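This report concerns only the one structure given below.
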Amino acid sequence: MNTKVYKKYDVALDNSKYEIIVGKNIIENVGQMLRERTKDNRVMIIIDNFVSKSVLNPLIEIFSQNGFQTFFHLFESGKQNKNFNEAINIYEKLEQNNFARDSTIIAVGGGVIGDLAGFVASTYLRGINLIHIPTTLTAMIDSSLGGKVALNFQLTVNAIGNYYHPIFNLIDIQFLESLPDRDYKAGISEIIKCAIISDKKLFSFLSENPSQILNRNENMLLVAMYGAIEIKFFHVSDDVKEQGKRLKLNYGHTLGHAIETCTGIFEETYRHGEGVALGMVGAAHIARDYFSSDNNEIIDAHEEILKKYDLPICVASKEIGFEREKLIAECLKIILKDKKRKEHMLRFILPLEIGNSAIFNDIPEDYIQKAYNYVIR
Ligand SMILES: NC(=O)c1ccc[n+]([C@@H]2O[C@H](COP(=O)([O-])OP(=O)(O)OC[C@H]3O[C@@H](n4cnc5c(N)ncnc54)[C@H](O)[C@@H]3O)[C@@H](O)[C@H]2O)c1
C-alpha cells in the first residue's frame with residue numbers, strides 16, 4: 001500500500017511530549033513505532049465494531065511481526081456505550097492478561113472509543129501507554145487531541161474524566177473513506193466551531209468550498225483539518241486543565257450538550273457535532289442579546305455556514321417525537337445544574353464577531369431561555 005505522510009506535529013503538553021502524524025495508509029508503521037517506545041510486549045486494541053472488520057486482523061499481524069502479544073476488545077460505538085460497564089469489561093481483560101505499567105492500549109475508533117479507551121488507560125495502574133488511531137473526522141481533529149478522556153455517567157455527559165496524553169497519535173485519513181456522511185458532517189461542525197471562535201480566514205475557506213469539502217476532496221479537507229488541529233493546540237497549549245483560553249473550544253457545547261442529553265443519550269438523536277451546531281446557533285442568539293445588537297448578522301452567519309454543510313440549525317421537536325415546551329424546560333434544568341457546578345455562574349463563550357470570541361461569566365438566565373426558544377421549535 002502507498003504510505004503517505006503529510007504532516008507531523010511535535011506536541012508538548014503537561015509533562016508529555018509526543019508526535020502526531022497525519023497521513024494516508026500510515027497505520028502499518030504503528031508496530032515499529034511502538035517497539036521503539038516500550039519493552040513490554042502486551043497490547044490491547046480497543047476497537048470500534050465497524051472499523052474492526054477491515055483493520056483488526058491487519059493490526060494484529062503488524063503487532064505480532066514486531067513481537068507483541070495482542071489482545072483486543074470490540075466495542076459498539078455510540079454515546080450510550082461510553083460508560084462504566086464498558087470500562088469495567090476492559091479493566092477485566094487487562095487484569096486477566098497481566099497488563100503492566102509499560103503495556104499499551106490502542107484506541108482505534110471515533111470519539112467514543114478514544115474517550116473510553118483513554119480513560120481506562122489513564123486509570124489502570126494509574127496510567128499505562130495509550131496510542132490514538134482516530135477513525136472519524138471528529139476524533140481526528142478534536143477528541144484525540146488535547147488529552148481529555150471521559151465516560152458519561154447517568155444524565156451527565158463526560159461526567160467522569162481525566163486528562164491523559166497518548167505516546168503518539170496516528171491520523172490516517174484513509175479511514176474517512178468509509179465514514180457515513182452524517183458522521184463526516186458532524187466532524188465538520190467542530191471545524192466550523194474552530195473557525196468561528198478564532199479564525200476568520202478558515203471560516204471564509206469553509207464558506208467558499210462546501211461542495212469540495214463535502215465531496216472529501218483530499219487537499220481541501222487537509223487544509224480544513226490542519227486549521228482545526230492547529231486552533232485546538234493553540235488553545236490547549238499552556239492551558240490543558242481549562243482555566244482560560246482552552247474554554248473557548250467549548251463554544252456551543254453547553255447549550256448543545258443539554259440538547260443532546262434531553263433528546264436521548266441512550267437512544268441517540270443528535271451526533272455530538274450536530275449538538276454543537278445547535279448550541280452554536282443558540283450561543284449566537286445569546287451574543288446578539290448580550291451585546292444589544294439590533295441586527296441578526298452573527299446568527300445569520302452561523303445559520304448560513306451550517307446550512308451549507310447540511311448541519312441542523314434548529315430542533316424540530318415534533319418531528320423527533322418531543323413536546324417543545326417540555327424539551328426547553330428540561331434543557332434549562334440541565335443548564336442550571338451546570339451553573340451550580342460552576343460557582344453559580346452561567347459561563348458562556350460568545351462570538352464577538354466571526355473569528356473572534358471571549359468568555360463571559362454573567363449571562364442572564366432569560367437570555368438562555370430565549371436562545372432555546374429560538375433553537376427549539
Ligand atoms: N475528548 C474530547 O476532547 C472530545 C471532543 C469532542 C468529542 N468528544 C466525544 O466524542 C464522541 C463523539 O465522537 P464521534 O462523533 O467520533 O462518535 P463515535 O465514536 O460514536 O463514532 C460515530 C460513528 O462512526 C462509526 N465509525 C467510526 N469510524 C468509522 C469509519 N472509519 N468508517 C465508518 N464508520 C465509522 C462508529 O461505529 C459510530 O457509529 C462523544 O462522546 C463526545 O463527547 C470528545
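A short reminder: the numbers here are calculations on the coordinates, not readings from a lab. Everything numeric in this text was worked out from a predicted model, so none of it was measured. Because the Cβ atoms are built from the backbone with ideal geometry, glycine has one as well, and the counts that use them run over all protein chains shown.
Observations, loosely collected:
- Rounded if a/c under 1.5, otherwise prolate or oblate - the stretch 283-377, Cα gyration tensor axes: oblate
- Estimated distance in nm for a label pair at N219 and K326, the labels positioned 7 Å out from Cα along Cα-to-Cβ: 5.3 nm
- Dividing the radius of gyration of the alpha carbons in the stretch 80-146 by their Kirkwood radius gives 0.97 for Rg/Rh.
- Backbone geometry of the stretch 243-256 corresponds, through the Karplus equation with coefficients 6.51, -1.76 and 1.60 at θ = phi - 60°, to 3J(HN,Hα) couplings of 9, x, 4, 4, 4, 4, 5, 7, 3, x, 6, 5, 5, x Hz, x marking Gly and Pro.
- Within the stretch 268-377, GluC sites (Glu not before Pro) in DSSP loop having at most 11 other beta-carbon neighbours inside 10 Å: E323, E343
- Prolate/oblate/rounded label for the stretch 204-314 (Cα gyration tensor, a/c 1.5): rounded
- From the largest down, the stretch 153-269 spans 40, 37, 30 angstrom on the principal axes of its Cα atoms.
- Comparing L352, V375, A329 along the charge dipole axis of the stretch 293-377, the residue lying farthest to the positive side is A329, per the Cβ-charge model.
- Whole-number percent relative contact order across the chain, with pairs defined as alpha carbons under 8 Å at least 6 apart: 14 percent
- Considering only the Cα atoms of the chain, their convex hull presents on average a projected area of 17.5 nm².
- Here, the stretch 1-138 has an Rg and a Dmax of 14.3, 40 Å when only alpha carbons are counted.
- Using just its DSSP H runs of length 4 or more, each adding -39500 (n - 2.57), the chain gives a mean residue ellipticity at 222 nm of -14500 deg cm²/dmol after division by all residues.
- Vicinal HN-Hα couplings computed from phi for the stretch 107-120 (Karplus, 6.51 cos²θ - 1.76 cosθ + 1.60; Hz; Gly/Pro x): 9, 10, x, x, x, 5, 5, x, 5, 6, 4, x, 5, 4
- HN-Hα J in Hz across the stretch 360-377 - Karplus 6.51, -1.76, 1.60, θ = phi - 60°, x for Gly and Pro: 10, 10, 10, 7, x, 4, 5, 5, 6, 4, 5, 5, 5, 4, 6, 7, 8, 10
- Cα centroids of the stretch 319-377 and the stretch 42-118: 36 Å apart.
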